[in-house]
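Trainee: Can you read through this structure? Questions will come right after.
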Amino acid sequence: MDRAYSLLEIKSVTPERRTFAGIASTPELDRQGDIVDPASMRFRNPVPLLFHHDQTQPIGTAILTATADGILFEASLPVIDEPGPLKTRVDDAWQCIRAGVLTGVSIGLLPVKRAFERLSSGARKVTNTEICELSLVTIPANANATIRLVKSLAAPPRQEKRMATQTAAEHVTALENKRAALTARMIEIMNAAADAGETTDPAQAEEHDGLAVQVKSIDGDLGRWREIEKLNIAGAVPVPVVAKAAQPFASVSVKSNAPPAQAFTRSVMALVAGRGDSFLAMQHAKRFNDADVELLVKAAVTPGMTTDPTWAGNLVQINQLTGQFIELSRPATILGKIPGLTKVPFNTQVPIQTGGGTYKWVGQAKAKPVGKLTFGAATLGMAKAAGIIVLTDELIKSSSPSAEDIVRRDMVAGIAQFLDQQFTDPLVAEVAQTSPASITNGATTAASLDDPAKDVGLIVTHFNGQNIPLQGLTIIMSSTNAYAMGMSRTAMGVQLFPGVGVNGGNANGLTVIASNVVGQNVIGLAPEYILYADDGGVAIDVSREATLQMNDAPVNPADPATTVWTSLFQDNLTALRAERFINWKRAATPAVYYLTGANYPIG
């Protein structure tokens, strides 16, 4: 049986009845590379509600409803008075839900026929599949699988108090979810009678009619709450802006003076040193005397050995940690410095205008010219940059600032340098279904005049001739050439580009970015014509038991006769694998123009 993990987005909780509603599955790409199509899912309500997919541990039932946005559910746990294993299990599950400990939900899938379709992006689309059960789980595959409305879980047990604090929009959402569950049950009753080739029996008819009365009542309340929502919007007034002089206190923010990504590095080393044991990882983390590291390690590690496949998934859930890594990595790359890039989603077709209409002067009573617009399209598929770092146990256990700095600098600088090179090197061509071409690959080029003022003139002339606005134009060159550009002067000793230095800057309104990865090339680009997709996260997986080719260009597929393998377990080594999904594409050829062989004189 396959499993599809998704966001447990709690819409409503009724403590007295032990019921809660939310979303069981969404048609979004999960970490397993699957996309679950809700329209083709099959299920027969109610489905069993399990605890961590253990079929011997049922805890309740759930009513599912398929929509275009995903599979909705309303689940309930029974209230059991008689002591025993079932009461203990159900009470424990309910306590975990209310405390916010369980943050994921998963559906158990059983393929009916040809249930998997491989998409061009490489993802696997799951169709024609039966949902056999719904489970509460700790670790979902969805990167954003966290409980959104914690307040509703911690609300007082009195229903009227909780509802009194809800907004009109929250009332509407709760009623819509309840209505969906009721209508799903009505449809199920009628389908059951039709499948049996009979009309509804008295019990079915009574239940169906009772549900219909509830739906009608909900429809009335929905109309009233929507009207209240409109009135609230119409009566809303802007919040008055308080002048700075009138503010009694200045806002204060406290920021750590630790190097960026230090918490990321320390937590990874603590997790690896703990070898999957949460207690050992916490003891290792306490040595840093860093509350952020302890909190993140505590939240990320579950009991078990490092061979547990969910262990690496736990590490990926550390949103604050990966945020620190991305925050440091992005400014270190050319991509992080270019303003105005056109951000687009993965696997989404973007229309691009490639030609305009025909326009002419027309005399009186003369025919007007008829032209047409021409369009193309571009799609950024899923592409990823990845690398593996192997550390010795001695380095991990030492956890000294110098050891941390080695790991931090290598992970950040390595990915940054690789992405910069791939983004700008004219020799980097597209590899289908794997990697994008550089923005300079196939672009117009010319030889540098070895004069920064003349080279800038060539670049400006190119874009002006292509009718591409100069506003936002960006120039990329080496730090040496940027320094020489800033030092260039007229015959009278006037500095030509006072705003440019070794770190780049501004040249008469043009953004200059300095990066030695471009060598002697000087690249001009119009950012709005560069499509850019980035999921904004770094996935970190850890292994101590894998066998690796210790090679920066591993053989694929491996040759059993010549390939040398290294056992991490045997050699007391630990491997960290970092992956980042990112892609780019030049939307129009004239959007990039570069000069070669630039070697500006200094002084």
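Trainee: Is it fair to say V428 is of a type in the set (A, V, I, L, M), under 19 Å from R586 (Cα atoms), without any contact (Cβ under 8 Å) to a residue 24 or more places away in the chain and surrounded by fewer than 18 Cβ atoms within 10 Å (Cβ to Cβ)?
Mentor: Here the answer is yes, as V428 does meet what is asked.
Trainee: Please enumerate the residues belonging to the range 75-99 that are over 13 Å from L136 (Cα atoms) and modelled with pLDDT under 85.
Mentor: A99
Trainee: Then there is this: Assess whether L109 counts as being at pLDDT 75 or above and under 29 Å from L175 (Cβ atoms). I'd like the intermediate steps shown before the answer.
Mentor: Working: at pLDDT 75 or above: yes; under 29 Å from L175 (Cβ atoms): no.
So L109 fails the test.
Trainee: If you don't mind, another one. Has the range 469-477 got at least one residue that is at pLDDT 90 or above, hydroxyl-bearing (S, T, Y) and farther than 19 Å from G597 by Cβ?
Mentor: Among the residues of the range 469-477, at least one is at pLDDT 90 or above, hydroxyl-bearing (S, T, Y) and farther than 19 Å from G597 by Cβ, which makes the answer yes.
Trainee: Oh, and also: Could we say that T56 is without any contact (Cβ under 8 Å) to a residue 60 or more places away in the chain, among the polar types (S, T, N, Q) and exposed (fewer than 14 other Cβ atoms within 10 Å of the Cβ) here?
Mentor: yes
Trainee: Being among the hydrophobic types (A, V, I, L, M, F, W, C), in contact with a Ser or Thr (Cβ under 8 Å, 6 or more places away or on another chain) and free of Cβ contacts under 8 Å to residues at least 60 places away in the same chain, is that true of even one residue in the range 454-469?
Mentor: The answer is no, given that none of the residues of the range 454-469 is among the hydrophobic types (A, V, I, L, M, F, W, C), in contact with a Ser or Thr (Cβ under 8 Å, 6 or more places away or on another chain) and free of Cβ contacts under 8 Å to residues at least 60 places away in the same chain.
Trainee: Could you count how many residues in the range 1-60 are within 16 Å of G100 (Cα to Cα), part of a strand (DSSP E or B) and modelled with pLDDT of 80 or more?
Mentor: 2
Trainee: Among the residues of the range 168-191, count how many are out of contact with any Asp or Glu (no Cβ under 7 Å at 6 or more places or on another chain) and free of Cβ contacts under 8 Å to residues at least 24 places away in the same chain.
Mentor: 4
Let's see how each residue does on (1) closer than 28 Å to A385 by Cα; (2) of a type in the set (S, T, Y); (3) within 31 Å of the chain's Cα centre (by Cα):
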{"site": "N464", "(1), (2), (3)": "no, no, no"}
{"site": "T474", "(1), (2), (3)": "yes, yes, yes"}
{"site": "A526", "(1), (2), (3)": "yes, no, yes"}
{"site": "V555", "(1), (2), (3)": "yes, no, yes"}
{"site": "P560", "(1), (2), (3)": "yes, no, no"}
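A quick yes/no check of all residues on (1) of a type in the set (D, E, K, R); (2) in a loop (DSSP other than H, G, I, E, B); (3) exposed (fewer than 12 other Cβ atoms within 10 Å of the Cβ); (4) in contact with a helix residue (DSSP H, G or I) (Cβ under 8 Å, 6 or more places away or on another chain):
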{"residue": "L576", "(1), (2), (3), (4)": "no, no, no, yes"}
{"residue": "R580", "(1), (2), (3), (4)": "yes, no, no, yes"}
{"residue": "Y593", "(1), (2), (3), (4)": "no, no, no, yes"}
{"residue": "A598", "(1), (2), (3), (4)": "no, yes, no, yes"}
{"residue": "P601", "(1), (2), (3), (4)": "no, yes, yes, yes"}
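Trainee: What are the pairs, 6+ residues apart or on separate chains, where a residue within the range 493-509 that is over 16 Å from K454 (Cα atoms) and of a type in the set (S, T, N, Q) has its Cβ under 8 Å from a residue that is at pLDDT 90 or above and outside any strand (DSSP E or B)?
Mentor: Between residues of the range 493-509 that are over 16 Å from K454 (Cα atoms) and of a type in the set (S, T, N, Q) and residues that are at pLDDT 90 or above and outside any strand (DSSP E or B), the close pairs are N503/S479; N503/A482; N506/G499.
The values are calculated or read from the model by the stated rules, or taken from the named source; none is laboratory data. All of these numbers come straight from a predicted model, not from anything done at the bench. In this analysis, Cβ positions are derived from the backbone assuming ideal geometry, glycine residues included, and neighbour counts consider all displayed protein chains.
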